[in-house]
Amino acid sequence: MTLTPEIYHAAFDDALARLHEEGRYRTFIDIRRLRGRFPRAEWHRPDGSIREVTIWCGNDYLGMGQHPAVLTAMREALDEGGAGSGGTRNISGTTVWHRALESELADLHGKEAALVFTSAYIANDATLATLQRLIPGLIVYSDALNHASMIEGIRRGGGPKRVFRHNDVDHLRALMAADDPDAPKLVAFESVYSMDGDFGPIAAILDAAGDFGALTYLDEVHAVGMYGPRGGGVAEALRLADRVDIVNGTLGKAFGVMGGYIAASARIVDAIRSYAPGFIFTTSLPPVVAAGAAASVRHLKADGRLRDRHQAAARILKARLKAIGLPFLDHGSHIVPVIVGDPRHAKMLSDWLLEDFGIYVQPINFPTVPRGTERLRFTPSPLHGRAEIDHLVSALDRLWSRCALNRAEASA
């Protein structure tokens, strides 16, 4: 058989056709955010027309991407330092803005040091893979619902791994008890799981890790900025931050900018800095981004009112959804997943909300969530007011029956 371009194209076509047939093909919506009017944006339609919409699925949880303190810091850094960083952190890409950001992050988590990456995905992947290479025989115990970046980092590390059932500390203990007591161990888990919005049992996992002499790696990506007296995450809120060995966080969600990081002891950070390819060989964040992120972290350490308003908006939305009988998950966090249960219905609802009501929310399908649990994932912010919530709930109430979906009581 002669290999031709058509053979390769056919493979791509088949793969894409399967997504279309299952209703899982992803479409992107072109938007232009409107500065000073968050969560409003312009939707630039394929036909060239423009419509104003409200974003209900964003990860800029607190609207800090629009905050004057952040924008001012970014403008100043742009004027002073220019656009790009000029290289990797090792080759001219470490600036005073990067150092200031890492200092803010170390202080946020009460750790000796922090290390900034281009994304939290890279921070997870690079750190977890490197830890296994630096600690011979390290066994990693990973929660079954950990983020893809954690799973990939553990896989690339190439060492032994154990997957414990989601939030099941008894299973975790059983797995650790079955292994060599002298083998080095690390437990990797999250504080807030982004698709269901549930919390990890941090205290119980830390206790188990302590009993077996394991290091702990906590992903606080969906919690930093939003939980704790200074926005240090759920571990800070529970006064457990000092017991966590390594914290992973993002600058692209509640802090409203871009990038990721770890915070840990100076020794751990130095080892990752010195050995992780995902850090060493990547161009560093532009100074303007580092400056904006540092300003956001600094501001949120003191702005507890914004966190209070954020939680209030989530509570109000959940109460309204419960009142009209829609099935959603409520684990007490700021994430509000409305369960649709079918990828085609989820896409239809998403399209109707956008076209008919100017509400932008993307459907979440397999493999991000298990089949049969397809959903619309709403992320209310402090800037989603009563009018926006009223409009959303009214739209969902009208559209639910159009999809021939059964109403159900919200499940906790």
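Got a sec? Which of R243, R273 is within 20 Å of R156 (Cβ to Cβ), among the basic types (K, R) and at pLDDT 95 or above?
R273
Sort out which residues of segment 116-151 are closer than 17 Å to L215 by Cα and assigned to a loop (DSSP other than H, G, I, E, B), and write them in order of number.
I135, P136, G137, L138, N146
Six or more apart or on different chains, Cβ under 6 Å: which pairs go from a residue in segment 151-174 that's in contact (Cβ under 8 Å) with a residue 12 or more places away in the chain to one that's open to solvent by 60 Å² or more (accessible area, probe 1.4 Å) and in a strand (DSSP E or B)? Could you list them?
If the second residue must be open to solvent by 60 Å² or more (accessible area, probe 1.4 Å) and in a strand (DSSP E or B), the pairs left are I154/K161.
Quick one: R40 ticks every box in (1) closer than 29 Å to A314 by Cα; (2) open to solvent by less than 40 Å² (accessible area, probe 1.4 Å); (3) among the charged types (D, E, K, R) except a single one, so which number is it?
(2)
Every residue in segment 321-342 that is among the aliphatic types (A, V, I, L, M) and outside any helix (DSSP H, G or I), please.
Scanning segment 321-342 gives I324, L326, L329, I335, V336, V338, I339, V340.
Residue-wise test of (1) without any contact (Cβ under 8 Å) to a residue 60 or more places away in the chain; (2) outside any helix (DSSP H, G or I).
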residue: R344; (1), (2): no, no
residue: L349; (1), (2): yes, no
residue: E355; (1), (2): yes, no
residue: T368; (1), (2): no, yes
residue: T373; (1), (2): yes, yes
residue: H391; (1), (2): no, no
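I need a count of the residues in segment 121-141 that are small (G, A, S) and open to solvent by 10 Å² or more (accessible area, probe 1.4 Å).
Residues flagged as small (G, A, S) and open to solvent by 10 Å² or more (accessible area, probe 1.4 Å) within segment 121-141 amount to 1.
If we scan segment 76-88, do we find a residue that is within 26 Å of P277 (Cβ to Cβ) and free of Cβ contacts under 8 Å to residues at least 12 places away in the same chain?
yes
Is there any pair with a first residue in segment 118-144 that is without any contact (Cβ under 8 Å) to a residue 40 or more places away in the chain and a second that is part of a strand (DSSP E or B) whose Cβ atoms are under 7 Å apart and which are 6 or more apart or on different chains, and what are they?
Going by the 7 Å Cβ cut-off, the qualifying pairs are Q132/V140; A144/V163; A144/F164.
Output the number of the condition that I31 fails; it satisfies all remaining conditions of (1) within 23 Å of the chain's Cα centre (by Cα); (2) modelled with pLDDT of 95 or more.
(2)
In segment 361-372, what residues are modelled with pLDDT under 95 and in contact with a strand residue (DSSP E or B) (Cβ under 7 Å, 6 or more places away or on another chain)?
Residues satisfying the conditions are P363, I364, V369.
Which of the residues belonging to segment 353-375 are in contact with a helix residue (DSSP H, G or I) (Cβ under 9 Å, 6 or more places away or on another chain) and either open to solvent by less than 10 Å² (accessible area, probe 1.4 Å) or among the basic types (K, R) (or both)?
Correct list: L353, G358, I359, V361, R371, E374, R375.
If we scan segment 299-320, do we find a residue that is of a type in the set (V, I, T), in a loop (DSSP other than H, G, I, E, B) and open to solvent by 20 Å² or more (accessible area, probe 1.4 Å)?
no
Which of the residues belonging to segment 387-412 are open to solvent by 70 Å² or more (accessible area, probe 1.4 Å), at pLDDT below 95 and not hydrophobic (A, V, I, L, M, F, W, C)?
R398, S401, R402, N406, R407, E409
Which one of these is assigned to a loop (DSSP other than H, G, I, E, B) and in contact with a helix residue (DSSP H, G or I) (Cβ under 8 Å, 6 or more places away or on another chain): L62, L108?
Among L62, L108, only L62 is assigned to a loop (DSSP other than H, G, I, E, B) and in contact with a helix residue (DSSP H, G or I) (Cβ under 8 Å, 6 or more places away or on another chain).
Scan segment 169-200 for residues that are over 20 Å from I154 (Cβ atoms) and surrounded by fewer than 17 Cβ atoms within 10 Å (Cβ to Cβ) and jot them down.
Within segment 169-200, D170, A177, P181, D182 meet the criteria.
If W56 satisfies every condition in (1) within 30 Å of M348 (Cβ to Cβ); (2) open to solvent by 30 Å² or more (accessible area, probe 1.4 Å) but one, which is the exception?
(2)
The values are calculated or read from the model by the stated rules, or taken from the named source; none is laboratory data. All figures in this text were calculated on a predicted structure; none of them were measured in a lab. Reconstructed Cβ throughout: ideal geometry from the backbone, glycine too, with neighbour counts over all protein chains shown. Areas reflect the complete protein model, heavy atoms only, side chains present, ligands, DNA and RNA absent. Shrake-Rupley method; radii C 1.70, N 1.55, O 1.52, S 1.80 Å.
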